[in-house]
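Every number in this text was worked out from the coordinates using simple rules, so none of it is lab data. Every value quoted in this text rests on a predicted model; they were computed, and no experiment measured them. FYI the Cβ positions are ideal-geometry reconstructions off the backbone, even for glycines, and counts take in every protein chain you see.
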Amino acid sequence: MEFSFSNDNQKALACGCTVVVKPSEFTPLTALAAADLALQAGIPAGALNVVMGNAPEIGGELMQSTQVRKITFTGSTAVGKKLMAGSANTVKKVSLELGGNAPCIVFDDADIDVAVKGSLAAKFRNSGQTCVCANRILVQEGIYEKFASAFVKAVQSLQVGNGLEESTSQGPLINEAAVEKVEKFVGDATSKGANIMLGGKRHSLGMSFYEPTVVGNVSNDMLLFREEVFGPVAPLIPFKTEEEAIHLANDTNAGLAAYMFTKSIARSWRVSEALEYGLVGVNEGLISTEVAPFGGVKQSGLGREGSKYGMDDYLEIKYVCMGNLG
Ligand SMILES: NC(=O)c1ccc[n+]([C@@H]2O[C@H](COP(=O)([O-])OP(=O)(O)OC[C@H]3O[C@@H](n4cnc5c(N)ncnc54)[C@H](O)[C@@H]3O)[C@@H](O)[C@H]2O)c1
Ligand SMILES: O=CCCC(=O)O
């Protein structure tokens, strides 16, 4: 039996495990709808189970259970660490898909249009609320001004509104706490010398809408650099050399996704190798796909989802030595 906190249960079921899902208290209906579809599709009753309620209580109960052989969790690094510690007593396998702090490096040999389009996609998908969203856009000095003005123009064209309307590309943040976090990070940056190039406040639509925002001259002492903002705020950070970009990109405990824009194949390989990340996009802002191994290094997690490697986390190797049968 696998005790899953995430919705990525296909691999567990395919490997013959039964699954208990504990969805986020903020999005419970998605998991219930998926479970209903699973029943309709013929997954046997009892193979995929959904439990709602108090997260630490449910987590505590199932982490102590010796019937549960594996925990897989998608969420913050702070909660992931608790689950890893809690799983030690019964020596469970753990897969952790945790927080990121993705650098997006724009070198001065990049195609500007490709870099703007890719950075926009990497930053603003789901209004900045994915673990692989670009969190820090590092721009080489020679093209900083040109990139910044083209990027601001592109961000201005994003339509904020009701997600059920065709023209909308930016929805609200998950809740009020998320908006307060964004406000805190932007306030911290401006108090330390960064400049708002676009947005920088709650959206006139109210509720938990925040304006798509670009902040210039961000540096490594600011929260926008150090932590995951998880919202529609793009910090621009100037750099001089490739070495400096790699140093800045790796200056974090996170190591999930990284992006770079360059026309040089040699630089693509060199920098990809130097980046301490599980996923690297070169001239691409959308890199997640079920056919590639997805997961982080450092404190972004353990294990991989997707591809044939994703199955390994749900299997155990057994060695059987047979002799003297004849
Ligand atoms: N690496 C990935 O694949 C991936 C994918 C999506 C999101 N994330 C990360 O998730 C974070 C945002 O998601 P979030 O705000 O929902 O994260 P979160 O850690 O706050 O919550 C995630 C889940 O953990 C549960 N939880 C909280 N405390 C718990 C406890 N003590 N025991 C058991 N369960 C507990 C919550 O109920 C919720 O279902 C970001 O850091 C993002 O980068 C990572
Ligand atoms: O939040 C991370 C999920 C991965 C993705 O959708 O790209």
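The string of couplings for the stretch 216-225 from the Karplus curve (6.51, -1.76, 1.60, θ = phi - 60°) is x, 6, 7, 10, 6, 9, 9, 4, 4, 8 Hz, one whole number per residue in order, with x for Gly and Pro. Modelled label positions at Gln64 and Asn49, each set 7 Å beyond Cα in the direction of Cβ, lie 1.6 nm from each other.
Peptides 229-242, 109-122 ranked from most to least packed give 229-242, 109-122, packing being the mean of other C-beta atoms within 10 angstrom over each peptide's residues. Gain on full extension, evaluated as 0.36 nm per residue between Ser219 and Leu37 minus their Cα-Cα distance, stands at 60.8 nm.
Near Gly231, no amide H atom lies under 5 Å from its own; only residues 5 or more places off or on other chains count, and H is placed 1.01 Å from N.
By how many degrees, between 0 and 90 and to the nearest 10, does the Cα long axis of helix 265-274 differ from the longest principal axis of the chain? It is inclined by approximately 60 degrees. Applying 0.36 nm per residue to the separation of Met207 and Asn195 and subtracting their alpha-carbon distance, the gain on full extension is 1.8 nm. Could you state, as a whole-number percent, how many of the C-alpha pairs of the stretch 61-147 are farther apart than 16 Å? Here the long-distance tail beyond 16 Å is 63 percent of all Cα pairs in the stretch 61-147. Potential lengthening of the chain between Leu315 and Gln156 amounts to 52.5 nm, from the contour at 0.36 nm per residue minus the alpha-carbon distance. Ignoring lysines fewer than eight residues from Lys81 along the same chain, the ones with Cα atoms less than 20 angstrom from its Cα are Lys22, Lys70, Lys92, Lys93, Lys298.
Each peptide in 267-280, 32-45 was scored by the mean count of other Cβ atoms within 10 Å over its residues; highest first, the order is 267-280, 32-45.
All alpha carbon pair distances within the chain were sorted into 20 Å bins beginning at 0; the resulting P(r) in whole percents reads 30, 53, 16, 1, 0. Couplings 3J(HN,Hα) of the stretch 160-166, computed from phi: 9, x, 6, x, 7, 8, 3 Hz, in residue order, whole Hz [Karplus 6.51 cos²θ - 1.76 cosθ + 1.60, θ = phi - 60°; x for Gly and Pro].
Here the Karplus relation 6.51 cos²θ - 1.76 cosθ + 1.60, evaluated at θ = phi - 60°, turns the backbone of the stretch 62-70 into coupling constants of 6, 5, 6, 5, 7, 6, 7, 9, 8 Hz, with x for every Gly and Pro. Using a cutoff of 8 angstrom between alpha carbon atoms and counting only pairs six or more residues apart, the relative contact order for the stretch 102-282 works out to 29 percent. Taking amide hydrogens as placed 1.01 Å from N in the peptide plane, the amide H of Ala134 sits under 5 Å from those of Lys123, each at least 5 positions away in sequence or on another chain. Structural descriptor for the stretch 1-153: relative contact order 19 percent, calculated from alpha carbon pairs under 8 angstrom and at least 6 residues apart.
Evaluated at q = 0.15 Å⁻¹, a Debye calculation over the C-alpha positions of the stretch 102-282 (equal weights, vacuum) places log10 I(q)/I(0) at -0.79. Calculated on the alpha-carbon coordinates, the convex hull of the stretch 195-238 measures out at 64 cubic angstrom per residue. Once backbone amide H atoms are built at 1.01 Å from N, Met197 has Val214, Val215, Gly216 as its partners under 5 Å, excluding neighbours fewer than 5 places away on the same chain. Listed by chain and number, the lysines placed with their C-alpha closer than 26 angstrom to that of Lys146 are Lys117, Lys123, Lys192, Lys201, Lys240, Lys263; residues fewer than eight positions away on the same chain are left out. Expressed as a fraction of 2.2 N^0.38 Å, the C-alpha radius of gyration for the stretch 1-135 is 1.28.
Neighbour counts of other Cβ atoms within 10 Å put Glu166, Glu180, Glu228 in the fewest-to-most order Glu166, Glu180, Glu228.
Contact order for the chain, expressed relative to its length and based on alpha carbon pairs under 8 Å spaced 6+ residues apart, stands at 18 percent.
Annotation note: chymotrypsin sites (Phe, Trp or Tyr not before Pro) in the stretch 83-151 located in DSSP loop regions with a Cβ neighbour count of at most 11 within 10 Å are absent.
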